[in-house]
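These notes concern the structure reproduced below.
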Amino acid sequence: MATNLPPCVISNRDPVSVLMEHGQTREVTVDFTECTRTGPAHNSRFHTAALVNGKRFAEGHGTSKKNAKKIAAELALDRLYKVASRNLSGANELVADRIENNEDENANDEPLSPAQKIKAMAKGVFELAEETQMIYYCKEKVVASFLMERCGQITVVALGTGNRSVLYQNLKTDGTCILQAHAEIVARRSFIRFLYNELNRFIDCETDAIFTLGTSGRLQLLDSVKFHLYISRPPCGDASAFPTIGSKDVRSKALRKQGVLRTLVADGEGAIPTDSILPAGHNGEERLRVMTCSDKICRWNVVGVQGALLSHLIEPIYLSKVVIGSYSGDQKEHVPRALFGRLQTGTLEEKIYNPYVVNEPSLYYPEDHDLDNYALNKSRQYSVVWTLGDDGVEVIDGIFGIKISGPTDMPYSAISKKHFFTLFHELCQKFGRRDLLGKSYLQIKDKASEYRRNQDVLYQHFVSKKLGTWCSVSENYDVDNFYL
Ligand SMILES: [Zn+2]
């Protein structure tokens, strides 16, 4: 259920164990004072206090020792949650301060490179976002983040974590379902939410809006605004699908398959080429195939990151830099091919229609890469998303594709198609675009003719280069055919 309460309260977990867990995972001490008793024997009251790092954090009073302790823990969690939420709303300032102070302390150290700064900003905001969850939802910490650079200043505008996708049996067709809760994908959806906020700010004539009216009649980004993507590790699929160590034989075998489009299957055989037949599920059940993040980021380099809906109102937006936080073995050599190298063979560039282009973001790998922090073996099914301006994070169950908790009181995710469609409708009304009202989500997507045409050119490119057929969930299942 949508609420502002700490997730442990929503999930009905024992607050004492959640508080203890919080202490362990964040290396703070959590303790309770000895329980005292007042009143007559038949009507006693018990009193205890929760101590966080030795500080009296909250007092609990109850009719039993257990009860008093539980109340103290609940109040302490509530207070921790509020502090964390407050920090999150000023996350970028806090992190920027921290980076600056660190640079001052190490006067001898070189200033951070742009890639290191992007990484530090993304990780810092992630840590603050994580604080608002109280318990570790995403142990594995695959983190992705969209950052805005403007006049030399870098701001995290969207965050996402996670590595699961929805199971076929949990698929919904009303636009509320989050199909793929991979860090990159949910971060990009959070970024789209940021764009909606910015478009509203433009309409409200805010002086620091990032859009301006373009010659096409659509809005375009100011020249001074750039967007970057940070990913804690190479994206799933082509960028990370190849054995990092191997004999010459293994390598040359792999060579033939490099660059091909791949899908993930919810209950996992890794990233399978789209043109391979899917092995049967355990009980003969249908299984959902979703395109890998490598393929999706590659697509963003042609059709932009704004999506089909927003292409009605704004010019395509492309990534300037991609920063990969860590990698193992020779993954590094596969990343450029996976993200844009596949687009540079043949004549794709000539076939793409204006104002769309074949984009090549600059790739960066900060020197201080730390793969050890990103072990995937104990990952949980939860995803965490945050958009600039939110004073809490939204938690999504990746297997069910649903929101568990979050800062808004909507019953569904703030990054769901349904919510985007609502935001889109509101904007169209404000822009006087009556031609875009009263239609289904699918009809609006189909109506984005320039976007669709370039997407088709891209898909034909993959086929002609023998890289496979794009496998779209929305074309195979009826997930876009809904109205508001
Ligand atoms: Zn992925």
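Scanning the range 437-465 for residues that are assigned to a loop (DSSP other than H, G, I, E, B) and either touching a residue at least 60 places away in the same chain (Cβ under 8 Å) or closer than 27 Å to Ala181 by Cβ (or both) turns up Ser440, Ala448, Lys465.
When the criteria are applied in full, Lys65 fails the requirement of being farther than 19 Å from Glu130 by Cβ, of a type in the set (Lys, Arg), out of contact with any Lys or Arg (no Cβ under 9 Å at 6 or more places or on another chain) and surrounded by fewer than 20 Cβ atoms within 10 Å (Cβ to Cβ).
For the range 176-196, what are the residues that are more than 19 Å from Tyr318 (Cβ to Cβ) and buried (at least 24 other Cβ atoms within 10 Å of the Cβ)?
Residues of the range 176-196 that are more than 19 Å from Tyr318 (Cβ to Cβ), as a first pass: 176-183, 186.
Once the filter is applied, which keeps residues that are more than 19 Å from Tyr318 (Cβ to Cβ) and buried (at least 24 other Cβ atoms within 10 Å of the Cβ), the range 176-196 yields Ile178, Gln180, Ala181, His182, Ala183, Val186.
Val479 fulfils the conditions (1) under 30 Å from Cys205 (Cβ atoms); (2) modelled with pLDDT under 95 except for a single criterion, (1). Filtered by the rule that a residue be in a loop (DSSP other than H, G, I, E, B) and either more than 19 Å from Leu288 (Cβ to Cβ) or of a type in the set (A, V, I, L, M, F, W, C) (or both), the range 392-411 gives Gly392, Val393, Ile399, Phe400, Gly406, Pro407, Thr408, Asp409, Met410, Pro411.
A search for C-beta distances below 9 Å between a residue of the range 28-52 that is closer than 18 Å to Leu77 by Cβ and any residue that is surrounded by fewer than 13 Cβ atoms within 10 Å (Cβ to Cβ) and of a type in the set (Lys, Arg), counting only pairs 6+ apart in sequence or on different chains, returns Thr33/Arg56; Ala49/Arg56; Ala50/Arg56.
Quickly run through the range 212-245 and pick out the residues that are aliphatic (A, V, I, L, M) and more than 16 Å from the ligand (Cβ to nearest atom). Can you show your working first?
First, pick out the residues of the range 212-245 that are aliphatic (A, V, I, L, M): 213, 219, 221-222, 225, 229, 231, 239, 241, 245.
Passing the criteria: Leu213, Leu219, Leu221, Leu222, Val225, Ile245.
For the range 337-356, state whether one or more residues are within 29 Å of Thr176 (Cβ to Cβ) and among the β-branched types (Val, Ile, Thr). Outline the logic, then answer.
Initial filter on the range 337-356 (within 29 Å of Thr176 (Cβ to Cβ)): none.
Within the range 337-356, not a single residue is within 29 Å of Thr176 (Cβ to Cβ) and among the β-branched types (Val, Ile, Thr).
For the range 279-338, taking the residues that are among the hydroxyl-bearing types (Ser, Thr, Tyr) and over 14 Å from Thr263 (Cβ atoms), the one that is farthest from the ligand (Cβ to nearest atom) is identified as Ser311.
The values are calculated or read from the model by the stated rules, or taken from the named source; none is laboratory data. Predicted model, so just to flag it, every value in this text is computed and none were measured. A quick note on method: Cβ atoms are made from the backbone with ideal geometry, for glycine too, and the neighbour counts reach across all protein chains shown.
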